[in-house]
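The values are calculated or read from the model by the stated rules, or taken from the named source; none is laboratory data. The structure displayed is predicted, hence computed values, not measured ones. Cβ coordinates were reconstructed from backbone atoms using ideal geometry, including for glycine residues, and neighbour counts include every protein chain displayed.
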Amino acid sequence: MSDHDIHSAHAHGPITRAGDIPEHDEHDQNSHDHGHGGIGKYLLVFLALCGLTTMSFLTYSPVWPWRDQPHVGWAFMMAVSCTKAMLVVLFFMHVFWEANWKYVLTIPAAMMAIFLALMLVPDVGMRTRMVSQERALRMARPSDVLLMEQAAEAKVLAEPAAH
């Protein structure tokens, strides 16, 4: 083995002048392998996940200001759920520290998911156009739901509350 072979086995490039082989201490190697921010960052993400879970739990409590508007609560809980999923993927699955090639995988997959969801819109919107007469007779209509809600409210108001 020549002197050049010995040096190139340990260095990151060709040796252009005679000299000692650069030494790497253990701290540099460990920090290169485990540069993920330490346990403090993971505990901070864990506390954020706990806080977000508490926020989504509060949508069904009496302190929620939009109690009579369930769509607001659903939208809020979806936003909280997406945020929690993003935190888990970024930090606990170590995607935050990956190279930029992660975008090559995630952006086309996200575009395909959006495309597939949009392709279902016509099916959902036109699901009642061509149905059998039997199914059309038993199908729920918005007016039926409204009548059932009014009947349930009238029944609740007519019966005294049991203590």
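Among the candidates 7, 36, 32, which residue alone is modelled with pLDDT under 50 and either assigned to a loop (DSSP other than H, G, I, E, B) or within 28 Å of residue 93 (Cα to Cα) (or both)?
Details: 7 fails: either assigned to a loop (DSSP other than H, G, I, E, B) or within 28 Å of residue 93 (Cα to Cα) (or both); 36 fails: modelled with pLDDT under 50.
Only one candidate passes the filter, namely 32.
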The lone exception for residue 84 - which of (1) closer than 28 Å to residue 45 by Cα; (2) not in a helix (DSSP H, G or I) it fails
(2)
Under 8 Å by Cβ, and 6 or more places apart or on different chains, what pairs join a residue from the range 54-74 that is farther than 21 Å from residue 84 by Cβ and not assigned by TED's automatic domain parsing to the domain that holds residue 84 with one that is part of a loop (DSSP other than H, G, I, E, B) and among the β-branched types (Val, Ile, Thr)?
none
